[in-house]
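The values are calculated or read from the model by the stated rules, or taken from the named source; none is laboratory data. Everything numeric in this text was worked out from a predicted model, so none of it was measured. Here the Cβ positions follow ideal geometry from the backbone for every residue, glycine too, while neighbour counts run over all protein chains shown. Areas reflect the complete protein model, heavy atoms only, side chains present, ligands, DNA and RNA absent. Shrake-Rupley method; radii C 1.70, N 1.55, O 1.52, S 1.80 Å.
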Amino acid sequence: MTQTISLHEPPKTGSLYLKAALGAVPLLSARKSQIPDRSIEMSGLEVDPDHLAAYCHATGLRFGDSLPLTYPFVLTFPLAMQLVVARDFPFVAVGAVHAENLIERTREISVSEPLDIHTHVENLREHPKGLLVDAVSEISVGREQVWRQVTTFLHQQRTSLSGGPKPEPKPDEVPPPPLRTLRVDQAMIHRYAAASGDRNPIHMSALSAKAFGFPRSIAHGMWSAAAILGVIEGRVPAQTTYSVKFGKPILLPSTVNVYADQAEGGWDLSLKNPKKGYPHLTATLR
């Protein structure tokens with residue numbers, strides 16, 4: 001039977017990261033091989049205009065009367081995090097990376113609308129690089145579901161799929177001329193971390209990122225997924241599906257190439273390394 005946790009306000013991410021760090025200590029962890037049958041719900045959440053403005057400032061998106069397509073991610077993130085930092089969750093949350101993201105929106109959402117949120121985690125599975133899970137968040141206004149998201153997290157570790165033959169690496173290629181370039185540095189990512197609540201150590205400093213195997217700190221995947229939408233802002237349909245796959249991380253500081261091509265029913269988007277052409281992000285918006 002599903003355990004449903006009802007909240008009156010979003011959990012503080014600072015305390016959640018402390019809990020995640022404590023959960024990484026082997027003597028304090030009690031990991032299980034299955035996802036606990038647990039969900040979190042919160043009713044009547046009101047959007048703070050100052051928080052929304054900070055998010056828009058960090059991502060470059062327009063501040064207005066409607067929520068940007070990706071903004072509800074930061075509203076649901078603390079709920080998903082509370083689920084994955086539990087001591088009985090299958091893996092430690094600290095150091096996990098964002099692999100894919102799918103957003104489905106049925107209509108634009110007004111800043112003034114009270115939001116009901118329901119979040120759970122499902123579909124634990126193996127990957128050659130570790131374990132994958134999906135955090136599913138749904139937002140409703142009254143009885144109408146207006147926004148749904150599937151966030152796929154990867155925890156890097158050995159699994160039964162590890163150690164197999166690796167595909168031949170694709171040769172580097174000079175990318176085509178971009179629509180524009182996008183510069184991102186640590187100060188910008190600190191602003192996004194403050195607005196989103198995502199202070200995963202891999203984003204916050206080179207020193208803490210190196211502890212998890214990264215040569216430098218990296219940009220949040222959902223920062224890049226939001227920032228690239230600024231290229232087509234004003235042309236995102238009210239009812240839309242936004243599917244994102246994250247490639248090699250954006251090391252800070254970096255300048256990346258931005259591409260946006262019209263396709264049948266929407267857009268194909270990507271961020272690429274300006275010298276070697278490999279993708280940091282590929283996305284479709286339909």
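Using R₀ = 25 Å, calculate the FRET efficiency as 1/(1 + (r/R₀)^6) where r is the Cβ-Cβ separation of Glu104 and Lys129; round to 0.05.
0.40
To the nearest Å, what is the center-to-center distance of segment 117-131 and segment 230-286, using C-alpha atoms only?
Cα centroid to Cα centroid, the span is 24 Å.
For the chain, which whole percent of the accessible surface, found with a 1.4 angstrom probe, sits on carbon and sulfur atoms? Before the final figure, lay out the partial values.
Values: 7670 of 14330 Å².
Carbon with sulfur: 54 percent of the solvent-accessible area.
Just to confirm, what accessible area per residue do you get for segment 3-285 at 1.4 Å probe, in whole Å²? Please list the in-between numbers first.
Values: 13940 Å² over 283 residues.
Heavy-atom accessible area per residue stands at 49 Å².
Can you give the charge dipole size of the chain about its Cα centre, rounded to the nearest 20 debye, using +1 on the beta carbon of Lys and Arg and -1 on the beta carbon of Asp and Glu? Can you show the working numbers first?
Working: 29 positive and 27 negative charges, 248 e Å.
Value, rounded to 20: 1200 debye.
Where a ≥ b ≥ c are the square roots of the eigenvalues of the C-alpha gyration tensor, would you call segment 143-215 rounded, which needs a/c under 1.5, or, failing that, prolate if a/b is larger than b/c, or oblate? List each step's numbers first, then the result.
Details: a/c = 1.29, a/b = 1.16, b/c = 1.11.
Cα axes put segment 143-215 in the rounded bin.
Taking amide H atoms as placed 1.01 Å from N in the peptide plane, list the residues 5 or more away in sequence, or in a different chain, whose amide H sits under 5 Å from that of Val146.
Under 5 Å from the amide H of Val146: Ile139, Ser140, Val141.
Of the listed values (i) 14.1; (ii) 18.4; (iii) 15.6, identify the label whose number matches mean projected area of the Cα convex hull in nm² calculated from this model.
(iii)
Taking a cut-off of 20 Å between Cα atoms, list the lysines near Lys19, but don't count ones fewer than 8 places away on the same chain.
The reachable lysines, counting only those whose Cα sits under 20 Å from Lys19, are Lys32.
At 1.4 Å probe size, put Lys19, Lys272, Lys210 in order of accessible surface, largest to smallest. Walk me through the intermediate numbers first.
Working: Lys19 95, Lys272 50, Lys210 125 Å².
If we order Lys19, Lys272, Lys210 from most to least accessible, we get Lys210, Lys19, Lys272.
Place +1 on the Cβ of every Lys and Arg and -1 on the Cβ of every Asp and Glu in segment 162-286, take the dipole about the Cα centre, and give the residue among Ser270, Ile232, Ala187 whose Cα lies farthest towards its positive end.
Highest projection toward the positive end goes to Ala187.
I need the Kirkwood Rh of segment 69-201: take the reciprocal of the average 1/r across all distinct C-alpha pairs and report it in angstrom.
Numbers: mean 1/r = 0.0573 Å⁻¹.
Every distinct Cα pair counted, the radius reaches 17.4 Å.
Considering the dipole of the chain built from charges on the beta carbon (Lys and Arg +1, Asp and Glu -1) around the Cα centre, which of Leu132, Phe212, Val85 is farthest to its positive end?
The listed residue farthest towards the positive side: Phe212.
For the chain, what does -39500 (n - 2.57) per DSSP helix run (n ≥ 4), summed and divided by total residues, give at 222 nm, in deg cm²/dmol to the nearest 500?
About -6000 deg cm²/dmol.
Filter the DSSP H helices in the chain by two things, a Kyte-Doolittle mean of at least 1.0 and an axial alpha-carbon span of 30 angstrom or more, and list the hits by number. Write down the numbers at each step before the final one.
On the way: long enough: none.
Flagged H segments: there are none.
Could you state, as a whole-number percent, how many of the C-alpha pairs of segment 163-275 are farther apart than 17 Å?
Details: 3901 of 6328 pairs.
Here the long-distance tail beyond 17 Å is 62 percent of all Cα pairs in segment 163-275.
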